[in-house]
Each structure stands twice: as structure tokens, then as C-alpha cells.
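The values are calculated or read from the model by the stated rules, or taken from the named source; none is laboratory data. These numbers were taken from a predicted model, which means no experiment stands behind them. Every residue, glycine as well, gets a Cβ built from its backbone with ideal geometry; the counts of neighbours run over all protein chains shown.
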């Protein structure tokens, strides 16, 4: 009679498959947090298109019809930019690092989050001292940035200012990205736990949805796999600052 070992060994390939599933689930969770704002934006775009289409159909002068068509065209371009950004983020599954302009990644994430931040009265201030290049898996770093920006917005339920600083530190040979909010802050006793899996400080929102506790844990995992570091500073009632450090592109 043989006995079955209750502790089933998991191969490295199975572990990697589970890790990729976790990353994808967390990515979709971030996209879901933007869904309401994106739907609202699309409703505004459709209203614009319908109204200018009516104006164009009723217009007797050629210049009035042309003006209406130009408004419709611009609204369509705006919709294409939003859907392109959302689909591009959701479909980025490459696991190969490439030399990437980190400021470009931030700008792409800000396109995704623009309407969500506007809806919640959060203004964005960017301070790009230069444009550091790092060897990264771009979809994964975008995922980290999106998560941190959504967290910052959620920390400011009455609105506020979000600041994003980027610079190259040539002494440490690291690119530094700093995301600062002026929200509620995190108590010291909770601060040391926020990167632990399934730990969350978020309260349920209007729909009863709270945090999964996986966001920051996944962020740390991604950054450490890129041989980087992620740190946080926070003061209750003042806000929080997350700093990401990634190795700069090697100089030729």
C-alpha cells in the first residue's frame, strides 16, 4: 500500500505559469478600476459625435458641414486613443526586456488614467528631469505605474495633487521614479506590511469593492525581478511617496 505525500511538489514551469496568471489577474483588476471612468468618457464622445452629426445633416452651408465633420473626426480620434491605450496595455504579454524610455511608459499610463483622475478631481504634475532608459519588460512596468497611480488617487477621495518625478541618478546608475500623493497617508504600524501578499489598507468603495491586497505585493515582485527596488515614505494626513529604482541602460 502506497501513501500519497500531502505536500505536492510544484515544478518551476508550473510556478512560472501561476506567477503569470497572478500578474494577468492583477492587471485586469487595475483595468477594472478604470472601467467606470472610461465608460463615462465614451458616453461624452458619443454625445459629441451624435450632436455634430445632427448639425451636419441639417446644415445648408458647406463650411458648416465641414466644421461638423471635423468635430466628429476629432472625437473619433480621441476614442481611438483611449481604446488603443486600454487594449495595448491589456495585450502586452511579452516576457522579453527591451531598452525602454521610462518617461514614455509614464505618458502612456497617464493617457489611460487621465479621465479617471479628472473624474476624482486629481490634478497631475510631472517633473521629468531627463528621459532615463532601462532594460525592462514594458508591460510589467506599466502595470506597476498604473497600480501606484490608482492607489494614489484612491488615497485622495476628495481630490488633490499627484506629482510624478523622474530622473537619472548617475552615481548609483539607477533610474528613479517617484509618485507622490497628498492623501490620507499610512500609519507607521501598517507601513511595514503593505508589500505583504493579501494585506490591504483600502476600505470598500461605494460598490462594496475593496483592495485584494495583491497590488503592492505584485509591484514589489516585478521591480525586484528587474533588479530594482521600491520604497515608500508616508505621513498620516500628509500623503505617501513611492520611489521606484531601476538599473539604467549600460553605457557603451
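State whether the residues of segment 104-126 include one that is modelled with pLDDT under 90 and closer than 15 Å to residue 223 by Cα.
No, every residue in segment 104-126 fails to be modelled with pLDDT under 90 and closer than 15 Å to residue 223 by Cα.
So which of 16, 41 ends up being assigned to a helix (DSSP H, G or I) and at pLDDT below 65? Outline the logic, then answer.
Details: 41 fails: at pLDDT below 65.
Criteria check complete, one pass: 16.
Which residue out of 167, 178, 158, 163 is without any contact (Cβ under 8 Å) to a residue 60 or more places away in the chain and either within 16 Å of the chain's Cα centre (by Cα) or in a helix (DSSP H, G or I) (or both)?
Result of the check over 167, 178, 158, 163: 163.
Part of a loop (DSSP other than H, G, I, E, B) and at pLDDT 90 or above: is that true of residue 131 in this structure?
yes
Here is a list of conditions, (1) surrounded by fewer than 19 Cβ atoms within 10 Å (Cβ to Cβ); (2) within 21 Å of residue 241 (Cβ to Cβ); (3) within 18 Å of the chain's Cα centre (by Cα), and residue 118 meets all of them except one; can you say which number that is?
Status for residue 118: all satisfied but (2).
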